[in-house]
1. In segment 61-78, how many residues are surrounded by fewer than 15 Cβ atoms within 10 Å (Cβ to Cβ), over 23 Å from K6 (Cα atoms) and out of contact with any Ser or Thr (no Cβ under 8 Å at 6 or more places or on another chain)?
2. Name the residue, out of V84, V21, V47, that is surrounded by fewer than 17 Cβ atoms within 10 Å (Cβ to Cβ) and assigned to a strand (DSSP E or B).
3. Select from segment 109-158 the residues that are closer than 15 Å to T193 by Cα and free of Cβ contacts under 8 Å to residues at least 24 places away in the same chain and write down the one among them that is surrounded by the most Cβ atoms within 10 Å (Cβ to Cβ).
4. Taking S136 as the residue in question, decide whether it is hydroxyl-bearing (S, T, Y) and in a strand (DSSP E or B).
Amino acid sequence: DYVVVKMIPDNRLPPRHLHSVHTGKTFAVIKWESPYDSPDQDMLYAVAVKDLVRKTDKIYKVKSRNSTVEYTIKKLEPGGKYHVIVQLGNMSKESSMKINTVPLSAPDALKIITENDHILLFWKSLALKESNFNESRGYEIHMFDSLMNITAYLGNTTENFFKVSNLKIGHNYSFTVQARCLYGGQMCGEPATLLYDELGTGEDSSATKSGRPTDVAAVVVPVLFVLLVTLGIGFVVLYMRHRRLQNSFTAFANSHYSSRLGSAIFSSGDDLGDEDDEAPMITGFSDDVPMVIA
């Protein structure tokens, strides 16, 4: 034996299984089930969104006959905190949940460039990849000193660089750059972090990771200078030898120059040998032969 029982719908019950399906930077998709199965008519829901940061409220109306209802809440802010309440339009019991939207991304390509008595932090603009970011909002910079275990707020800027001075020798620092926090520091972007740890070796504040190319240059430049000096000396020696050979040849040619012929005359070694053979041998003079001097 069995009996069929039909329950009377109770519109005072709250929506069931309210939860978040997906949360982005500026929207959130939520889902819930009707207070009872298989509604036989359209049901009007009130979706209240309370901004916990700005302290504002918005109410949306959703009508559906489905047992499962999915709704997208739009025009939210990145990094925001919200309290969502869903109930039937007759102000029945409610279901609620909290939502935190995705914050803005961290700035890309954060790097350090050293100067004489300070360092410069550089990064790429967030506007290149975040359509919801306006440069007028700016960035804020924090510094953590691991030796003192202190975090300091350095300031904010609307540029893509920031100057940091008065760093202490022997201290290790971590710098963070993020989209500027709004409304009392509750709505911030993701931070980009860079460790500045070269000072631990006892070097002065100009030594950073980007300072390594300077150390390499300090070795390469003297070597190149020595090579250039060596090449210069080599060229001078070659030039002097060339001048010496040229002068010797000129002197030799001048010694064999014939003004009558207008040219230089050179004889081979064989000719010189023949002339020596044909020349009469000079012998001594006899005492009885008079010498005549003209």
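Nothing in this text is a laboratory measurement; each read-out follows from the coordinates by a stated rule. Just so you know, these numbers come straight off a predicted model, no measurement behind them. Positions of Cβ are backbone-derived with ideal geometry, glycine not excepted, and every protein chain shown enters the neighbour counts.
1. Total meeting the criteria: 4.
2. Result of the check over V84, V21, V47: V21.
3. Taking the candidates together, the pick is L154.
4. Details: hydroxyl-bearing (S, T, Y): yes; in a strand (DSSP E or B): no.
So S136 does not fit the description; no.
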